[in-house]
Protein chains: 4
Amino acid sequence: MAFILPEYRTPDFTAEPFKSAPAARFEAAPKAGVAPGDYHATSIYPEYFQVAPGDWRLPRESRMDCVVVLQSDGSLTVKEFRHIAAGELVAIGRRENCEDGIFVHSGAFGQPDTLSDKFAFRTQVSRETAFSADYDELYGLLDHERNHGFILWVLGPAVSFDRDARNAFTLLVRNGYVDGLLAGNALAAHDIEGALFNTALGQDLYTKRHVPLGHYKHLDAINRIRELGSIEAAIRIGMVSGGIMDAVTRAGVPYVLAGSIRDDGPLPEVIANVYAAQDRMRDLARRATTVIAMATQLHSIATGNMIPAYRVMPDDSVRPVYFYTVDMSEFAANKLADRGSLTARSILTNAQDFVVNLERGLLGK
Amino acid sequence: MAFILPEYRTPDFTAEPFKSAPAARFEAAPKAGVAPGDYHATSIYPEYFQVAPGDWRLPRESRMDCVVVLQSDGSLTVKEFRHIAAGELVAIGRRENCEDGIFVHSGAFGQPDTLSDKFAFRTQVSRETAFSADYDELYGLLDHERNHGFILWVLGPAVSFDRDARNAFTLLVRNGYVDGLLAGNALAAHDIEGALFNTALGQDLYTKRHVPLGHYKHLDAINRIRELGSIEAAIRIGMVSGGIMDAVTRAGVPYVLAGSIRDDGPLPEVIANVYAAQDRMRDLARRATTVIAMATQLHSIATGNMIPAYRVMPDDSVRPVYFYTVDMSEFAANKLADRGSLTARSILTNAQDFVVNLERGLLGK
Amino acid sequence: MAFILPEYRTPDFTAEPFKSAPAARFEAAPKAGVAPGDYHATSIYPEYFQVAPGDWRLPRESRMDCVVVLQSDGSLTVKEFRHIAAGELVAIGRRENCEDGIFVHSGAFGQPDTLSDKFAFRTQVSRETAFSADYDELYGLLDHERNHGFILWVLGPAVSFDRDARNAFTLLVRNGYVDGLLAGNALAAHDIEGALFNTALGQDLYTKRHVPLGHYKHLDAINRIRELGSIEAAIRIGMVSGGIMDAVTRAGVPYVLAGSIRDDGPLPEVIANVYAAQDRMRDLARRATTVIAMATQLHSIATGNMIPAYRVMPDDSVRPVYFYTVDMSEFAANKLADRGSLTARSILTNAQDFVVNLERGLLGK
Amino acid sequence: MAFILPEYRTPDFTAEPFKSAPAARFEAAPKAGVAPGDYHATSIYPEYFQVAPGDWRLPRESRMDCVVVLQSDGSLTVKEFRHIAAGELVAIGRRENCEDGIFVHSGAFGQPDTLSDKFAFRTQVSRETAFSADYDELYGLLDHERNHGFILWVLGPAVSFDRDARNAFTLLVRNGYVDGLLAGNALAAHDIEGALFNTALGQDLYTKRHVPLGHYKHLDAINRIRELGSIEAAIRIGMVSGGIMDAVTRAGVPYVLAGSIRDDGPLPEVIANVYAAQDRMRDLARRATTVIAMATQLHSIATGNMIPAYRVMPDDSVRPVYFYTVDMSEFAANKLADRGSLTARSILTNAQDFVVNLERGLLGK
């Protein structure tokens, strides 16, 4: 199924309600990291701010639940509260339809054309939902994105626990379907445990047999990497070979390993400060055109928070950003997908099957 | 992976504890449908009863939670309580290691050779369990069973809700991987709805779009079949074409549709009396050498209850019966697989992905 | 919180669109158990049929997914397809707003007054939903229903597995909060196992210790009752004392035990024919004004299918019917509650805690 | 049910296998944060190290998956890998039964006295497990701990989403049942949102109604606290009054708010560096005698990792540490409770019901 990018509907700023809208207001931040009381918080949608009469500006790199800061050059930056500098000019006003000089463009990529469509897309998914079309759509999308987009993956450790899933992901990396990776210490630790011992948490990746002293395996993996100084060094000298971390490193795929309070070790590349980690994750999120988040609530929600529904491309065109979540439970899948966006999808299945399916659908043709 | 049937370990009845064991006792049933107070209840394992000195008999067709009736010809029949006739001779005694003349052969097909094996097999599964080996094992097993066994499927309606899953199952039927089918009114009704309207519960099988008056579709499907008199007639005249019921009917695969209190209709082939349905299901269960139960707790548990861990083949050889359950929730999968049997497996995933995987693994080679 | 019954809005049949609506059409059923092709299927809402000019009739005892039969005396009966007699006059037409002489009164008890209300009530529940108000509302409702309504319970076996839950339900029965009970063989079997052996599936109801030969306990319970001939006889002679079946029997609370293919035994009172069981369940459903369905998908869905959103009381007043489902999984709870009705509620929790909470909230005051 | 503390079984070091055991070996750490290759990793159990002939030492404050460092004064410290200093003497050897001079005392508080007990305790829990005894045991335990122990709570945000649960927890704090609190930014943010606006994520805590601009509420709550500089200041000046953070602050209960990549804001008291947060959490974990972890996988697993099965009290007596996890899903509950410890328990229910139950059971008497 060839993928066709939906067209962006640029608003007609010469018409109402734009024509008679006031200018957007900006107020100075009272102190560092604090917004003025009536700040405007961003959504996932494109939002326009009338900075001068008739001059409606769209921030280039947005994310939800942030503020919009007017720079001295007239451009707009979307900032987390913690990055607000004292005195910076923050957009004010919470009405979304031009009354405050702000327009939230929730229909930017068109609305479903019939009521039944709308219903279909908004209905929450369950294990009894049909997912064939979602897979087909995803194959088409990823083939498009490999050449024209940036495919960002978010992985929980489960994908490193199974031989076939681990191999399938490795093949996706080698074939250009992975442009960035967001994960935590556990994914990397168990993947390296797999590379060193062919186990995950002491269980054989294929037979599931518990090896002797298996509970030492992930600790040994982490300790060896810490002694060497970095995952990268272990790959360079061939100590770690095969698996996810090896594949992304060899392919030059950027990744962020964000720390959490659950971590053993941690591995040297893991970022201890979670807000620094957020910043690094957002660096990749800014470039993402499709996100696939699998088998992790923590990293999926964190990433979902920083992924807008659109991206302004280098040529100034505006395109949608697709967000897929894959999980086993209705609770998680629907929580993650509940973004009010037509480009958010959930697939309810085992992450292992999902990634093996993807590899077959994309490469087994 | 070529499948090798585990060898049956026939007990040495000339050795202890058999040698000095008493004869099995049998007592007359006090009335129809009622066992004597100290009845022996069957397990899933092969069980031997010493009916005469040195004559240890194994019932041919067993199932758990039943009684063992001594027939006038000296053979043993495993009967549900409701089938006990007044005065029938029912085996007595609850000790399993020959003290009551009864031997429960739980190690019939060998024990795992190491402790770690044992642990691996007994550990409950979760979404973080590695399933690659289970899939590979299953491919090998099913290729063996297609020629030498009887593959019994138990299906919840979910597999009829998705285009690819429905097609994959149809291909498995056509290629000889389905020897029997146990399901309910809903599976057949939604499958026929799919054949007539390309919907399931009013949603398009592929696009998920809700069609106009979609909530009438399954009722219309049932009403049309009821008017015609049978599913079989609808297939014969070509009214129903494509899908699961069509495939099994054309292939001559026997099926049982068991009624439940949830049913609309019902379809004519559905059996209203649940104990008559049990009897019909057990007719297929007696022949099963591998069972695959997907996405239904009701039918999976019902079938699991009547599937022993072994089957005596027509040539008197004894072989294991494999039992796979596929479900999305740990609760269901572990409940279903908790049979204390080395030949019971659970795979935690979406039934759609599972059946598509199977079709690819078996036929896409 | 005192409960106030919402008022029924009787349509004004002298106004449009009623005034210029055609008469409802009725067509003869082509054969027994089969509806004419364009039959009208009922919803959960009150529905009016214009049987003569200006004479709009509301069936007294409705349920969804059935047909409406015009009786010779001009009254309307809502019938399952299987109960249609050949030649009976069945209502025709699928438009719901008078164009076919049929009016589906989905706003019968008023609509929520604001959009946010609507959203609150329609949002699906999760484990992160606040349930305090639902409990308080339920306490008020049940105190009202004890005197003015009919409280129908639907129980899965879980409530019989725990000492406190079993005791709490018993107290609810004794204090008039249980007017009818729908369940299966398992609920009764494990409850009687509890009465005889203080176990459920061989585990102590309180300490959870597995008793010796515990797997015989539920079979022994069933066998003893079968020998005696009925649960009722066992209670009468004091063999079974304490627990759910004892409480409902002593209180004269009617119950239906519907058979299923999972059943051992079965117990003598269990109805083998599921459609006969449906009929008996519907006899109680016709009288229900509040339904509480706990920890069973099979019986909850079956009951939900036959519970309309309204009841015509003996004095011809029309009132809503409340439907609560209690389950541990979002999948089950949302599936069961997805009735499009403002009087359907789900509470996500363990059935044990729920029934203990109810007993405390209602009787511990 | 009065709670009785199990007695600690001090090993008889004059008997075998202690008598002929070698001395424990210690090797210098090759560099900071790195253990020698054959390091011994700690379990949750008491472990003895023979530092000199006949001198078996038990570390006072242990946790699993750490190393044991011999201090210059002969005492032993259990350290996370990241805290190892270069050259520190780390215990070596992985055999647990004295062969390496190390004894892992897994039976420290006695073993269950019968096989059935063992089975009962080791069986995984499900929604069909009886929990009455667990509640009763917990009431007895907490009454004991209020006077003699340290009760550490681990909370996910769900408990702040519901009026009754929030109030119940507040009462537990006021009555001395909360000695420490581990949580994240979300729990505090939504609790403060509740205090300021009576909402959680914009929904009324009781009616569930969505308030206008509800999605701003938690951002406004965070922004106001950030402006003021601390949660503590907001409570001191009375801006925040009522709720969980207010209760623990007023009661002087120490808490740790650990940062995560999901966080908005964050609130000023939240610790950005997850390993610094781990250290602060472990400070409370060292003192814990009972831990109750509810409705959070991230914080529950993190805490479980640092809670040993025993605590050495100031008077040198050794007692067990109890660990309860409360969750809605079998996956999470069993994962968290899978510690191989007799003092780990899981209760499967909604966190709201659990905390309300506890308040009633402890204070409603």
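Couple of notes before you dig in:
- Residue match in the stretch C:273-285 (condition: farther than 28 Å from C:ILE231 by Cβ, touching a helix residue (DSSP H, G or I) at 6+ places or on another chain (Cβ under 6 Å) and not small (Gly, Ala, Ser)): no
- Within the stretch B:272-294, if we keep just the residues that are facing another protein chain (nearest Cβ under 9 Å) and over 30 Å from B:ASP134 (Cα atoms), the residue that is surrounded by the fewest Cβ atoms within 10 Å (Cβ to Cβ) turns out to be B:ALA276.
- Residue list for the stretch C:254-271, restricted to those being at the interface with another protein chain (Cβ under 9 Å from one of its Cβ atoms) and of a type in the set (D, E, K, R): C:ARG262, C:ASP263, C:ASP264
- Any hit, the stretch C:198-205, residues being over 30 Å from C:GLY149 (Cα atoms) and either within 13 Å of chain B (Cβ to nearest Cβ) or of a type in the set (Phe, Trp, Tyr) (or both): yes
- Any chance C:PRO254 is in the same structural domain as C:GLY184 (by TED's automatic domain parsing) and under 30 Å from C:PHE81 (Cα atoms): yes
- Among (1) without any contact (Cβ under 8 Å) to a residue 40 or more places away in the chain; (2) over 26 Å from B:VAL68 (Cα atoms); (3) charged (D, E, K, R), the one test that B:ASP316 misses: (2)
- Count - residues of the stretch C:79-97 that are crowded, with 22+ Cβ neighbours inside 10 Å and in contact with a strand residue (DSSP E or B) (Cβ under 6 Å, 6 or more places away or on another chain): 2
- Candidates C:ILE235, C:ILE222, C:ILE244 - the one that is in contact (Cβ under 8 Å) with a residue 12 or more places away in the chain, within 9 Å of chain B (Cβ to nearest Cβ) and among the aliphatic types (A, V, I, L, M): C:ILE222
This table checks each residue for (1) under 16 Å from the mean Cα position of the chain (by Cα); (2) farther than 27 Å from C:PHE81 by Cβ.
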{"site": "C:GLY304", "(1), (2)": "yes, no"}
{"site": "C:PRO314", "(1), (2)": "no, yes"}
{"site": "C:SER317", "(1), (2)": "no, yes"}
{"site": "C:ASP327", "(1), (2)": "yes, yes"}
{"site": "C:ASN357", "(1), (2)": "no, yes"}
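- Verdict on B:GLY74 being touching a strand residue (DSSP E or B) at 6+ places or on another chain (Cβ under 8 Å), of a type in the set (Gly, Ala, Ser) and within 12 Å of another protein chain (Cβ to nearest Cβ): no
- Any hit, the stretch A:46-61, residues being within 20 Å of A:ILE307 (Cβ to Cβ) and small (Gly, Ala, Ser): no
- From C:VAL321, C:VAL356, residue being among the aliphatic types (A, V, I, L, M) and more than 14 Å from chain D (Cβ to nearest Cβ): C:VAL321
- Matching residues, the stretch B:63-99, being closer than 21 Å to C:LEU201 by Cβ and not basic (Lys, Arg): B:MET64, B:ASP65, B:CYS66, B:VAL67, B:GLU80, B:PHE81, B:GLU96
- Selection from the stretch A:173-191 of residues that are more than 17 Å from the chain's Cα centre (by Cα) and over 22 Å from A:GLN297 (Cα atoms): A:ARG174, A:ASN175, A:GLY176
- Boolean, D:THR199 is among the β-branched types (Val, Ile, Thr) and within 27 Å of the chain's Cα centre (by Cα): no
- Residue check for C:ALA251: small (Gly, Ala, Ser) and either in contact with a strand residue (DSSP E or B) (Cβ under 6 Å, 6 or more places away or on another chain) or without any contact (Cβ under 8 Å) to a residue 40 or more places away in the chain (or both): no
- If you go through the stretch C:40-94 and keep only what is among the polar types (S, T, N, Q) and touching a residue at least 12 places away in the same chain (Cβ under 8 Å), you end up with C:THR42, C:SER43, C:GLN50, C:SER62, C:SER75, C:THR77.
The values are calculated or read from the model by the stated rules, or taken from the named source; none is laboratory data. Note that the structure is a prediction, hence the values are computed from the model and not measured. Note that each Cβ is placed from the backbone with ideal geometry, even for glycine, and that neighbours are counted across all protein chains shown.
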